[in-house]
1. So which helices of chain B fit the span-like rule, where a helix is a whole DSSP H run, its Cα atoms reach 27 Å or more along the axis, and its mean Kyte-Doolittle is at least 0.5?
2. Quick one: Cα centre-to-centre distance for region C:178-202 and region B:19-46, in angstrom?
3. How long are the semi-axes of the ellipsoid equivalent to region A:124-202, from square roots of 5 times the Cα gyration tensor eigenvalues, in whole Å, largest first?
4. Give me the Debye-computed log₁₀ of I(q)/I(0) at q = 0.17 Å⁻¹ for region A:3-193, equal point scatterers on Cα only, no solvent, two decimals.
5. Find how many whole Å separate the alpha carbon centroid of region B:53-112 from the alpha carbon centroid of region B:132-171.
6. Just to be sure I understand: with springs between alpha-carbon atoms less than 10 Å apart, which residue in B:Pro143, B:Pro90, B:Pro43 has the highest mean-square fluctuation in the Gaussian network model of chain B?
7. Which one of B:Ala152, B:Ala94, B:Ala160 has the biggest mean-square fluctuation once chain B is modelled by GNM with Cα springs under 10 Å?
8. Which distances, shortest first and in nm, link B:Leu117 to the matching position in the other copies, using label points set 7 Å out along Cα to C-beta?
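The values are calculated or read from the model by the stated rules, or taken from the named source; none is laboratory data. Since this is a predicted model, take the numbers as computed values, not measurements. So basically every Cβ, Gly included, is an ideal-geometry build from the backbone, and we count neighbours across all protein chains shown. Accessible surface areas use protein heavy atoms only, side chains included; no ligands, DNA or RNA. Shrake-Rupley method; radii C 1.70, N 1.55, O 1.52, S 1.80 Å.
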Amino acid sequence: MSFELAVLLADRIGVFVFALSGGTAAVRKDMDLFGAIVLALLPAAGGGTLRDLLLGVPVFWLEDPSVLWLAAAGGLVAFAGHRLVEAFKPLIWADALGLSLFAATGAAKAFGLGHGLSIVVVMGTLTAAAGGLLRDTVANREPLLLQEDVYATAAFFGSATYFGLATLGLDERAAFLASAGAAFGLRALAISLKLSLPKPRR
Amino acid sequence: MSFELAVLLADRIGVFVFALSGGTAAVRKDMDLFGAIVLALLPAAGGGTLRDLLLGVPVFWLEDPSVLWLAAAGGLVAFAGHRLVEAFKPLIWADALGLSLFAATGAAKAFGLGHGLSIVVVMGTLTAAAGGLLRDTVANREPLLLQEDVYATAAFFGSATYFGLATLGLDERAAFLASAGAAFGLRALAISLKLSLPKPRR
Amino acid sequence: MSFELAVLLADRIGVFVFALSGGTAAVRKDMDLFGAIVLALLPAAGGGTLRDLLLGVPVFWLEDPSVLWLAAAGGLVAFAGHRLVEAFKPLIWADALGLSLFAATGAAKAFGLGHGLSIVVVMGTLTAAAGGLLRDTVANREPLLLQEDVYATAAFFGSATYFGLATLGLDERAAFLASAGAAFGLRALAISLKLSLPKPRR
């Protein structure tokens with residue numbers, strides 16, 4: 001399997017798993033089937049959409065809408081089988097995979113457009129985490145992302161890794177792999193050790 | 001009355017009625033006059049705005065801001081006379097008219113730019129329904145759209161109808177009318193028979 | 001100190017103070033450090049970002065990301081010292097300064113692109129007030145902006161002042177100062193006299 005194909009496959013797994021999280025949120029809010037599909041689209045495609053709007057480039061799914069159908073399918077699966085989906089423990093690792101790949105993709109896209117460190121980490125983090133924020137905002141629930149866990153921080157770390165390695169002249173593919181690996185590693189550590197960012201003292 | 005004028009008039013009725021829904025939501029949340037105007041603008045112009053941003057074309061009201069004033073007027077009317085507005089039963093039919101025309105307009109715009117079925121139905125549905133979602137999200141209430149009724153589904157159906165007929169080579173105007181008619185018909189059926197999309201079994 | 005430098009300095013004070021408001025909101029919602037930074041970015045840069053997207057021009061911080069770091073610093077300060085920040089009374093005046101300058105900046109940008117009165121006041125008001133709305137929406141709380149006070153109205157008034165004076169042929173700098181002054185004056189009056197917009201009678 002070529003590098004490109006492997007990345008594409010892993011990316012699509014990420015889309016599907018992110019969509020499951022949206023569909024599950026819809027079920028918890030007692031939404032109907034349409035709501036499940038909308039809430040599936042937000043985490044699966046929302047981050048990349050926001051990234052492209054902010055970067056001023058065409059939204060990625062205009063040319064390849066298949067990702068929208070995949071996300072809708074994820075919403076449908078979550079809607080039909082939410083008990084199974086919620087009980088399926090390995091999902092947290094598939095989610096970590098999606099997070100890592102989305103971060104690397106966003107960082108690589110911003111870097112490829114010639115942007116500096118600040119924009120690269122913003123875009124990598126946005127691609128990975130903004131969709132989940134949109135999901136929670138539209139579902140009218142407290143944004144989980146902002147309250148617990150080392151999650152977006154892993155995407156930030158992975159994006160910064162991409163910038164560092166690509167600036168040092170590392171090959172694009174190697175930088176991509178290392179970036180996703182760094183994000184995944186930090187996220188895996190956070191899951192295993194139940195790491196959290198500091199909370200305010202009150 | 002020419003076809004264009006009739007569509008424009010019906011579209012403006014849709015804008016005004018959508019704006020009323022926003023102003024009414026603001027009153028329910030005990031917002032002030034400015035809040036009523038903001039919440040009126042979101043359903044009246046939010047869907048089309050999002051559509052244009054995603055399609056990468058200039059936002060429609062930049063060239064014709066009159067629609068913003070009409071929406072603000074709707075918010076003002078709802079603010080001043082919310083009891084009358086809420087008691088006025090035929091509004092649900094004017095809303096269905098707005099939904100149908102917005103869907104047909106969005107589908108036609110995406111089709112005119114050369115997009116395929118997926119993008120056409122996404123844009124038609126967004127144009128009709130995303131503004132109401134924005135209204136509920138900003139008003140910090142549960143998104144009604146995602147919880148009850150065949151609503152966005154009617155816009156989806158109308159948009160798909162446009163794509164089908166326009167692809168078959170039907171005249172633009174005829175496709176537009178049939179598209180709006182299909183959306184309106186499904187929505188009218190849903191209102192009359194109290195149809196709903198399936199809800200999750202829990 | 002030159003005019004440009006004075007405006008830039010005042011604008012950066014506005015960014016920092018707006019960011020403090022976001023960081024404080026995050027602490028109240030018991031968010032973590034990352035949440036404080038995201039909620040700081042929204043009011044500090046969200047309004048200008050939305051303005052640029054709607055105007056179809058490059059987002060202002062793509063070329064100058066320093067504003068993002070300043071906003072993140074504001075979030076950090078609010079996170080670490082939220083008691084001090086919340087107790088610091090003069091902040092309401094710094095916030096009024098930010099509001100006024102953001103309104104004048106937004107109005108000037110839209111006017112410079114050749115837009116008419118409607119678009120100029122929409123963009124001035126958006127630049128000043130939409131970020132606070134985004135902050136409250138993402139933090140899942142009632143949007144303060146839409147419920148109390150003459151706040152966005154001051155931005156609206158300042159933006160209209162810019163359009164009027166610039167249309168009359170007044171020098172750009174003078175129109176900018178008068179616009180910010182008008183917004184600040186109305187906001188100061190509202191703070192001093194506890195003015196509010198009308199609320200719905202129920």
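1. Counting only whole DSSP H runs, the qualifying helices are B:3-28, B:33-55, B:91-112, B:117-138, B:172-193.
2. Using only Cα atoms to place each centre, the spacing works out to 20 Å.
3. Numbers: eigenvalues 141, 47, 20 Å².
Working from the Cα gyration tensor, I get semi-axes of 27, 15, 10 Å.
4. Debye curve over Cα of region A:3-193, log10 I(q)/I(0) at q = 0.17 Å⁻¹: -1.05.
5. 13 Å
6. Evaluated over chain B, the most mobile residue of the options is B:Pro90.
7. B:Ala94
8. Copy-to-copy label distances at B:Leu117, shortest first: 4.9, 4.9 nm.
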